[in-house]
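Visitor: Questions regarding the structure given below will be posed in turn.
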Amino acid sequence: MFRISQFMREIALAEKNGQYPVATRRGAPAGPVVIWNLIRRCNLTCKHCYSLSADHDYAGELATQEVFGVMDDLKAFHVPVLILSGGEPLLRPDIFEIAERARAMRFYVGLSTNGTLIDEPMAERVAAAGFDYVGISLDGIGATHDKFRRLDGAFDRSLAAVRHLHARGVKVGLRFTMTAMNAHDLPALLQLMQTEAVDKFYFSHLNYAGRGNIHRARDAQFAATREALDLLFETAWADAAAGGDKEFVTGNNDADGVYMLQWARKRFPRWADALRARLEAWGGNSSGVNVANIDNLGNVHPDTMWWHHTLGNVRERPFSAIWADTSNPLMAGLKERPRKVGGRCAACAHFAICGGNTRVRAEQVTGNPWAEDPGCYLGDEEIGLSVPSPRVALTPFKHQPAGERHAKVG
């Protein structure tokens, strides 16, 4: 995750005080943020769903006591954050029991939901559960969102959820995954964030996993991506310069850090070198290091986009043992610093910032997780290549299911 607002506020503070904060390199995390897909069932069948969820029960999901046992191990392993996700996590009968226990154990607890099930009574329950944050996905305004979610009225129901939660003092964020089919709605969504006094905006680049993989040939073109980032940067800067506290973050493309450095060189050149040091301290992609995923069956993955690659299962080994085990070649490579990547990424002058970007995109397109990231929207000159490099083509291919595990439980 790239925290735009954090760096914008640092620039704003430097402009005010005449001194940029000292860079400190990111150390080894005490434990990763865990995104936990507690249930695969969902009342929607969204076009870009990475878990290929549908509205029916899936066999073999972790029982309540199994979840509690895993939570004990996660706490002992110093995991700081649990993001409870799905499917649609509110369809899980014990979701509030799990949330209550997680809060009692002093995890930071987030809820990732499509929002369509949050009417006023449900909003009361969510507020009473004490979630630190609730993220609601919106893929556009009105009909655009409904088309992505394949449900008429989904936008109105999700927007109502935002309002119900906001009225009860719950910190709410909007989550937006951009493709060529909804990029035009980004300005309106950012305006909606202001109108509804939403606390956070999460901009996700389309990653090639699940149904998002099927639609990758229609992924937003690089020019549209840059235009979207320009708008996000200017919006976040306006908030930071005014002393605001809204959060703007991006995910699934660590080239955003490099692109922000370019933005700063144009807007605030005297702080660009200091910002670069801060961005290098951030270090870019952290799949398999600072972020982890547990799916509904207890399988552990390097992040939510790696459901086709399982590191182990919490029914067979504790999460802590699985996560620390580098005998798995993928895990060893993800934890290696610097990562050994090829192509344009290997020659990139900004590798220290993005860390080689998103490995699952490279794997899905080329079959090699250590190839260049085909989703990098920066040109050869921008990354310091004197000789133009051939780009990996984003061409359609026959979609491969996200592992036999899905076929067994579907």
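The values are calculated or read from the model by the stated rules, or taken from the named source; none is laboratory data. Note that this is a predicted model, so its numbers are computed, not measured. Backbone-built Cβ (ideal geometry, glycine too); neighbour counts: all protein chains shown. Accessible surface areas use protein heavy atoms only, side chains included; no ligands, DNA or RNA. Shrake-Rupley method; radii C 1.70, N 1.55, O 1.52, S 1.80 Å.
Visitor: Mind checking the log10 I(q)/I(0) for the chain at q = 0.08, 0.12 Å⁻¹? Debye, one equal scatterer per Cα, no solvent, two decimals.
Guide: Result of the Debye calculation: -0.41, -1.00.
Visitor: What does the helix-only formula give at 222 nm for the chain: each DSSP H stretch with n ≥ 4 adding -39500 (n - 2.57), the total divided by the residues, and the result rounded to the nearest 500 deg cm²/dmol?
Guide: -11500 deg cm²/dmol
Visitor: Okay, next question. Based on alpha-carbon atoms only, what is the radius of gyration of the stretch 154-209 relative to the globular estimate 2.2 N^0.38 Å?
Guide: Details: Rg = 12.1 Å, N = 56, 2.2 N^0.38 = 10.2 Å.
Against the empirical 2.2 N^0.38 Å value, I get 1.19 for the stretch 154-209.
Visitor: Taking 0.36 nm per residue of separation and subtracting the Cα-Cα distance, what length does fully extending Q262 through K340 add?
Guide: Numbers: separation 78, 0.36 × 78 = 28.08 nm, distance 2.50 nm.
Full-extension gain reported as 25.6 nm.
Visitor: Hey, can you find the accessible area per residue of the chain for me, probe 1.4 Å, expressed in square angstrom?
Guide: On the way: 16550 Å² over 410 residues.
Counting only protein heavy atoms, the per-residue value for the chain is 40 Å².
Visitor: Assuming 0.36 nm per residue, please report the length gained on full extension of the stretch D132 to E66 beyond their Cα-Cα distance. List each step's numbers first, then the result.
Guide: On the way: separation 66, 0.36 × 66 = 23.76 nm, distance 2.33 nm.
Result for the pair: 21.4 nm of gain on full extension.
Visitor: What are the principal axis extents of the Cα atoms in the stretch 119-169, in Å, biggest first?
Guide: Extents along the principal axes, in whole Å: 32, 18, 15.
Visitor: Can you tell me how the stretch 211-317 classifies by the Cα gyration tensor, rounded, prolate or oblate, using a/c under 1.5 as the rounded cut? Mind dumping the intermediate values first?
Guide: Working: a/c = 2.49, a/b = 1.83, b/c = 1.36.
Because a/c hits 1.5 or more and a/b exceeds b/c, the stretch 211-317 counts as prolate.
Visitor: When only alpha-carbon atoms are used, what values of Rg and Dmax, in angstrom, describe the stretch 264-338?
Guide: 17.0, 54
Visitor: Then there is this: Which distance in Å, rounded to a whole number, links the C-alpha centroids of the stretch 237-314 and the stretch 106-176?
Guide: Here the two parts' Cα centres lie 23 Å apart.
Visitor: Over 14 Å, how big is the tail of the calculated P(r) for the stretch 60-136, in percent of all Cα pairs? Kindly include the intermediate steps, with their values, before the conclusion.
Guide: Details: 1756 of 2926 pairs.
The proportion of pairs with Cα distances above 14 Å equals 60 percent.
Visitor: So who's got an amide H within less than 5 Å of the one on L111, skipping anything under 5 residues away but keeping other chains? H placed 1.01 Å off N, in plane.
Guide: L84, Y133, V134, G135
Visitor: Something else about it: Place a label point 7 angstrom from the Cα of D245 along the Cα-to-Cβ direction, then list the residues of the stretch 183-197 whose backbone nitrogen is under 18 Å away.
Guide: 194-197
Visitor: Put a dot 7 Å past each Cα toward the Cβ at E316 and H56; how far apart are the dots in nm?
Guide: So the two model labels end up 2.7 nm from each other.
Visitor: How much net charge surrounds D239 when only the other residues with a Cβ under 12 Å from the Cβ of D239 are counted, with Lys and Arg +1 and Asp and Glu -1?
Guide: Overall, the nearby charge balance is -1.
Visitor: While we're on this one: Show me the three semi-axes of the equivalent ellipsoid for the stretch 276-389, from the C-alpha gyration tensor (sqrt of 5 times each eigenvalue), largest first, rounded to whole Å.
Guide: Gyration-tensor ellipsoid for the stretch 276-389: 29, 15, 11 Å.
Visitor: Let me ask something additional. Determine the percent antiparallel among the DSSP beta bridges restricted to the chain, to the nearest 5. Kindly include the intermediate steps, with their values, before the conclusion.
Guide: Working: 6 of 38 bridges.
Looking only at bridges with both residues in the chain, the antiparallel portion is about 15 percent.
Visitor: At a 1.4 Å probe, what is the % contribution of carbon and sulfur to the accessible area of the stretch 68-166? Before the final figure, lay out the partial values.
Guide: On the way: 2030 of 3890 Å².
Taking all protein chains in place, the stretch 68-166 shows 52 percent carbon and sulfur surface.
Visitor: For the chain, compute the number of Lys pairs whose alpha carbons are separated by less than 28 Å, excluding pairs fewer than 8 positions apart on the same chain.
Guide: The result is 20.
Visitor: Another question, then. Subtract the Cα-Cα distance of D325 and T366 from 0.36 nm times their separation in residues, and report this length gain in nm to one decimal. Walk me through the numbers on the way to the answer.
Guide: Working: separation 41, 0.36 × 41 = 14.76 nm, distance 2.58 nm.
So the chain would gain 12.2 nm between D325 and T366.
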